[in-house]
Structures are given as C-alpha cells and as structure tokens.
Amino acid sequence: MVFNETKLAHDRKGERGSITIMTAIFAVLLLLMVGLTIDVSRIYMVRQELQRAADAAALTAARELNGGAGGITAAVNQATNVIANDQGLRGKTAVTITVEFAANLNDNPYMSAAAAGPVASTINYVRATTSSTTTTILFASSALGVSRSESKQAVAGKSVELAGICDFYPAAVGLTNPHPTPGTLMTLKFAQGSGNTATINDMDYIVLDVPCITGNGDTETAILSAGEPCACSTLGANIHMTPSSNFGNGGSAAGDGMNTRFGVYANGYGNSLNATSYPSDTIVTEGITYDQYIASTNPVGNDRRVVIAPIIAPGSYPSDTDGRILGWGKFFLKTKMYVVNGNCANNAPCGYMTVEYVGEANMGATGTVSCGSGLTTAVLYK
C-alpha cells in the first residue's frame, strides 16, 4: 500500500513537469503568433495607405484632363499636391507619385507627361503609382523576412453619363466647327429670335426656353444667364429656341445674369440676382487662362466661371423649332460681360461673351435623360 502511494506521488510530479514544459512551449508560440499578427497588421496598414494615396492621386489627376497640354501639367501638379498633403502617410514615410497617361484603359505602356502633352486631346486615363515603401519586420522575420516592400497603383478617367446632361447652361452656341481646339478664344454674341425665326451665326449664342421658367422677358433672361438649373437634353436632341427678351435689352439682361459669376449683382430683375441665389466664383480675376484658373490654390475656383452649353450649327431656325445638339462645349469665362442701360443692340460689345473653349463635356451622351449633373466625374477604373 505504501509502495503504491509513493509511485502515485512520483507520477504526479512527472505530470507537473510536463505541464510546465507544455505551458512554456505554448507561451512561446503565443508570443510568435502575436508578433506575426502585429507585423501582418503593419504591412496591411501601409498597403492600405499606399492604395488610398494612389487612388486619390489618380482621381485628382483625372479631374484635370481637359483635352489640352495644360490639363496634363495640372494633372501631375494636383496629384503631387495630394500626396504631399496626405495625412495618412505624412510623417511616417516619404512617398512620391509617378503619373502616367493613356488614350485607352488597357494601353501598355502608359506614357509620360512629356509624351502626353502633344497628344493631350486623345488622353482619357491617368495612372498613379506610388514609390516603393519598406516596412521593417519586428517579430516574425523568420516567417516574413526582415522587411517587406510595397508599391500601389490606380487608374482613373472621366466617366461618361450615357443618359445625357442636366442642369447645363441654358444657352445654345452656334459654331461652324462644333469641335474647336481646346484653348481657342471666342467672342460669343447675343442673338435673339424675331418671334418667327432665329438666325444663329458662327459664335452667336441664344438663351433658351426651359420648363422651369414661364416667360422670356428681361428677368427670365437674366436669371437663366445667371445659371438657373432646370434643363436636360442629349446629343442629337432638339433645343427649344423661343426668343428670349428682345434684341434691344436681351444682351444687357444676359450680361447682368452672367456677371453674377464675378460677384457683380445688377439692380432690378425683381431683386432675383443676388449672392444667395447665384453665388460668385471664388476667383474673379479677369483675363486669366483656364490653366491658370485650375492651378490656383489660394483660393480654389468653384467652377462658376466654367459653363457647359449645347453647340448647334449656325443657321436660321423657325420659331419654336429646335436646332439639333451637335456637341456639349465647356467654356471658361475670361472677363465680365459689358452691359449698358438702354438699347444694348446699338452699343457693341454689349452682351458679348469672351470665353476660352476648354473642351467637350460628356462626349457620346445619348439616350433617355435621367442624369442629375452636367459635368463628367472622375472615377477609378482599376
């Protein structure tokens, strides 16, 4: 009996020794697992930050594409600025960005900014690639190596709203060439129908009739020119060319409405032209180029000086018969419009609009109108 008890006590001591060894082994394994988890989490966080930076740079760059060489330069500058001001990576590691361009999404290789400039009108996509960032492995070097390097990439371009354009500037522009070269300067003259016909010459514009406004007098012309958003249409569709105001004072009304974009608010018009309804652009410096406008950072323009308008062929149109939309033009307002009291028609350049043609907006938009914005949007493709 004494022998059995002694043997049992001895066996129990052996079990305690085994449990101690197993506990130590499991503790080491647990530490290794915790270390591996920490290292993997750090790698994942850096990877996510780099991808976010690449996405932001590509999207920002794509917004600057305008069919001109200036848009290529602006795309590189804005992408670089996004990375320089990135709050997620700043202070942790120095990240730079490479910006490349392509006409087609799957082009290989993408081209540099220097190569893209001369063919800027064909560029539709931007690829942003971050510099390689190294994460030092702290605990699991035996499994992951002493370090891991990451570089991320994103491709963005302008979307095309297949349903058409809404909230565009309600004035049709007559152009012999419906697809001008970006950067072309134009002086657009106010045109008005006689009540039976509307004659549109090259570089004339006519304020359109839209569903949300009844009437076509001075007040209606002014608030339409100020940017009343209530029109939708598509390429190939007709526009309603009911005469707006009259030739004597229609140019003045159009000019007063347009000048709200420069922070100028004319009296009259039922006090409808005010900063609450039609805020000024944040950049009102006259004579600058569109490239200078979009490059400004203090302040940043709010696009009130950029208008999207339908382009039609010059010609004579019967009253209430529509001209077909040949394209959507994006125009940058260079200066305030000159207006006078009294008969605007006898006081040139009253009602003249000095613009820089920026490029086409929503190329290829056809079909039933269901969109809510006249501007294309920069989107990530991959």
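Would you confirm whether any residue within segment 244-257 is at pLDDT 80 or above and surrounded by fewer than 20 Cβ atoms within 10 Å (Cβ to Cβ)?
There is no residue in segment 244-257 that is at pLDDT 80 or above and surrounded by fewer than 20 Cβ atoms within 10 Å (Cβ to Cβ).
Among the numbered criteria (1) among the β-branched types (Val, Ile, Thr); (2) at pLDDT 80 or above; (3) exposed (fewer than 13 other Cβ atoms within 10 Å of the Cβ), which one does Thr134 miss?
Answer for Thr134: the failing condition is (2).
Check Thr199 against each of (1) at pLDDT below 90; (2) crowded, with 19+ Cβ neighbours inside 10 Å; (3) not in a loop (DSSP other than H, G, I, E, B) and name the one condition it does not meet.
If we test Thr199 against (1) at pLDDT below 90; (2) crowded, with 19+ Cβ neighbours inside 10 Å; (3) not in a loop (DSSP other than H, G, I, E, B), just (2) comes out false.
Looking at this structure, is Ser112 hydroxyl-bearing (Ser, Thr, Tyr) and modelled with pLDDT under 90?
No; evaluated as a whole, the condition is false for this residue.
Kindly evaluate Ile294 against the criterion of being of a type outside the set (D, E, K, R) and either part of a loop (DSSP other than H, G, I, E, B) or under 24 Å from Thr176 (Cβ atoms) (or both).
no
Suppose the filter is modelled with pLDDT of 80 or more and of a type outside the set (Val, Ile, Thr); does Arg127 pass it?
yes
Output the number of residues of segment 289-325 satisfying the condition of being among the aliphatic types (A, V, I, L, M) and either surrounded by fewer than 19 Cβ atoms within 10 Å (Cβ to Cβ) or over 20 Å from the mean Cα position of the chain (by Cα) (or both).
Qualifying residue count for the region: 6.
Is there any pair linking a residue in segment 301-317 that is closer than 20 Å to Thr234 by Cα and outside the structural domain of Ala172 (by TED's automatic domain parsing) to one that is surrounded by 23 or more Cβ atoms within 10 Å (Cβ to Cβ) and not small (Gly, Ala, Ser), with Cβ under 7 Å and at least six apart or on different chains, and which?
none
In segment 330-357, what residues are at pLDDT below 90 and closer than 29 Å to Arg127 by Cβ?
Lys330
The values are calculated or read from the model by the stated rules, or taken from the named source; none is laboratory data. From a predicted model like this one, the values you see are computed outputs, not experimental measurements. Positions of Cβ are backbone-derived with ideal geometry, glycine not excepted, and every protein chain shown enters the neighbour counts.
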